[in-house]
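Input: a single structure, listed below in structure tokens.
The values are calculated or read from the model by the stated rules, or taken from the named source; none is laboratory data. Only a predicted model underlies this, so the values are computations on that prediction, with no experimental measurement involved. Positions of Cβ are backbone-derived with ideal geometry, glycine not excepted, and every protein chain shown enters the neighbour counts. Just the protein is used for accessible areas: all its heavy atoms, side chains included, with ligands, DNA and RNA removed. Shrake-Rupley method; radii C 1.70, N 1.55, O 1.52, S 1.80 Å.
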Amino acid sequence: MAARNSEALDVFLKVAAESRVSWRAVELAGRGISADAAGVVWVISKGKYSLSGEELSDLLMKQGDLVDSLSEAWRSFDSGELSDADFEDQLEAVVLGLEEWIPRASL
């Protein structure tokens, strides 16, 4: 299953459907889906109207860095290079970053 236009959503859905991950990782994936959706809503409804192009671009690049980290963590876990515990730690760091992204963006 591939999500349309959202690399983060695609990875979070893979995590949530993966039988090898802990329930904690599934919970984090759910929070990540919510944070990703909230970010999209904020950009569409407020961000593109309240920020200059440069400011919005900078924020989106920071968000992109989080998504890159998420994709790399998933790739490493899926290939067996990353332990369950390390994957969960990296997943949690990304989710917290995405959850904190909107309040930072709204300043």
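Among the residues of the stretch 31-50, is there at least one that is farther than 18 Å from residue 103 by Cα and not aromatic (Phe, Trp, Tyr)? Scanning the stretch 31-50, I find no residue that is farther than 18 Å from residue 103 by Cα and not aromatic (Phe, Trp, Tyr), so the answer is no.
What about residue 52, is it hydroxyl-bearing (Ser, Thr, Tyr) and touching a residue at least 12 places away in the same chain (Cβ under 8 Å)? Here the answer is no, as residue 52 does not meet what is asked. Residue selection: residue 36 satisfies the criterion of being open to solvent by less than 50 Å² (accessible area, probe 1.4 Å) and of a type in the set (D, E, K, R).
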